[in-house]
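The values are calculated or read from the model by the stated rules, or taken from the named source; none is laboratory data. Small disclaimer: the values here were computed from a predicted structure and weren't measured. Calculation scope for accessible area: heavy atoms of the full protein, side chains included, ligands and nucleic acids excluded. Shrake-Rupley method; radii C 1.70, N 1.55, O 1.52, S 1.80 Å.
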Amino acid sequence: MHILRLLAAAFAALLAMAPVALSQPETSSPSQPVPTKDPAPPAPAQPKKTEPVKPALPPAPRPVAEITLKVGDKAPPLKPETWVKPFESAAPSTPSAPPVSTAPLALSAPISFELGKVYVVEFWATWCPTCRDAMPALAKLARDHKELTIIAVASSERKLKKDVPDTRLETVRAFVREHDEQMPYPVLFDGARAMASTYIVPAGRVYVPTAFVIDATNTITFIGDPHEAGFLNALTVALKAVAPPPPPKPTTPEPIKKPVKSKPKN
């Protein structure tokens, strides 16, 4: 009987604990959520796209002034400031030095080109070695072709400081005296650049020497360096157009042929 009492007491204790165990809900750790399915594998890391390094662009060129004087245009008249060597003194046939003008600085009347004549207007400077190199060939052309007039324009003499007297005209005169035999053609001084503003600037030229070939119709047929082959080609064509025709070859009368007498038959 004692054993039965012990078993009944143990069974009663188990019944008392059962509601407590059944009333506790199933929980999970808040930091580890329960997955509903197997997690997907992480996506591979994509390499970052890097832009190629672009080289630095060169600075934009300065805008070029519009060229308004071209080959094929009519030659504008010259606006001389002062004559260093006038037309009358620069005779191509004179072997010695033409006198250099000592007239004061004064504006002269514009020079218009005569129809039927060929001109070369060359812009040069005393400090320019390339200009000196071109002088012998220009001198030979002036002496060999009486129908050609070469006019040298000193338009790019360098100015001194403001507080220094302007001696550019005296520099040009001294240079022409020293190179008189190499310059048997008229020379003009263009200190105010009035002639440069109608020739060099509108033609877009930025250096000297620059020559303009003007044919017998007052048309510009070449603009450029007188050392270029195109200069001599354009000048040759212009000179051929005005060259006088060669004199006719002398003709000698043909000798009078005497009739041949026939021999009498025997």
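Of note:
- Taking the accessible area of segment 119-201, probe 1.4 Å, and keeping the other protein chains in place, the carbon and sulfur fraction comes to 53%.
- Solvent exposure of segment 160-266 amounts to 66 Å² per residue of accessible area, where only protein heavy atoms count and the probe is 1.4 Å.
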